[in-house]
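Worksheet: one structure, shown below.
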């Protein structure tokens, strides 16, 4: 029961960040069935899209569930703490069984570049925090917010990309393509 409440809370938080209604979190009765005329044939591409959308929802829920985890340089788990790429790798592996590379720069080279104005929840966002490009990575939540493991002494948290430091250091967005993930299965 507690897990259901936590999941609903995280989903509600996610929906708030993406400006959707929390009413969408309410479960539908399991016994409810669609009338025969309401059912339609689903094309395989629709299944893949729905599956990918579900995976991105799981990514966001998993990421938000790790809020408050300590930063640790080179960290790769909630028990030891995370650095930025360790956090992103862990979330994608746990939520979508996708193994990402070990550094923000390497992660930036997979997927498809996305303009800031077209970012969608689950996309990866990159920042120039050191003297090199793509030196920091986080996961876009929607409404100009992203979640990341920031730096020494910090914790996994949500930030506004339009505020101060993050606005000045934004370096690009990447969308991990569902076809690459489908091909790996």
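Computed quantities for the displayed model
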read-out: Single unsatisfied condition, residue 152 versus (1) surrounded by fewer than 16 Cβ atoms within 10 Å (Cβ to Cβ); (2) modelled with pLDDT of 95 or more; (3) part of a loop (DSSP other than H, G, I, E, B); value: (2)
read-out: Residues (under 19 Å from residue 101 (Cα atoms) and surrounded by fewer than 19 Cβ atoms within 10 Å (Cβ to Cβ)) located in region 131-149; value: 132, 133
read-out: Extreme residue, surrounded by the fewest Cβ atoms within 10 Å (Cβ to Cβ), among residues of region 68-85 that are farther than 12 Å from residue 102 by Cα and free of Cβ contacts under 8 Å to residues at least 40 places away in the same chain; value: 79
read-out: Among (1) at pLDDT below 95; (2) assigned to a helix (DSSP H, G or I); (3) more than 17 Å from the chain's Cα centre (by Cα) - the single one residue 129 does not satisfy; value: (2)
read-out: Residue 122 being assigned to a loop (DSSP other than H, G, I, E, B) and within 15 Å of residue 82 (Cβ to Cβ); value: no
read-out: Which listed residue, of 68, 86, 111, 75, is at positive phi, at pLDDT 95 or above and touching a strand residue (DSSP E or B) at 6+ places or on another chain (Cβ under 7 Å); value: 68
read-out: Selection within region 59-89 - under 16 Å from the mean Cα position of the chain (by Cα), outside any loop (DSSP other than H, G, I, E, B) and within 19 Å of residue 127 (Cα to Cα); value: 63, 82, 84, 85, 86, 87, 88, 89
read-out: Count of region 90-110 residues which are part of a helix (DSSP H, G or I) and either under 13 Å from residue 148 (Cβ atoms) or in contact (Cβ under 8 Å) with a residue 24 or more places away in the chain (or both); value: 10
read-out: Which numbered condition residue 94 misses (of (1) surrounded by fewer than 18 Cβ atoms within 10 Å (Cβ to Cβ); (2) closer than 13 Å to residue 170 by Cα); value: (2)
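The values are calculated or read from the model by the stated rules, or taken from the named source; none is laboratory data. Nothing here was measured: the structure is a model prediction, and the numbers come from that model. Cβ: placed from backbone, ideal geometry, glycine included. Neighbour counts: every protein chain shown.
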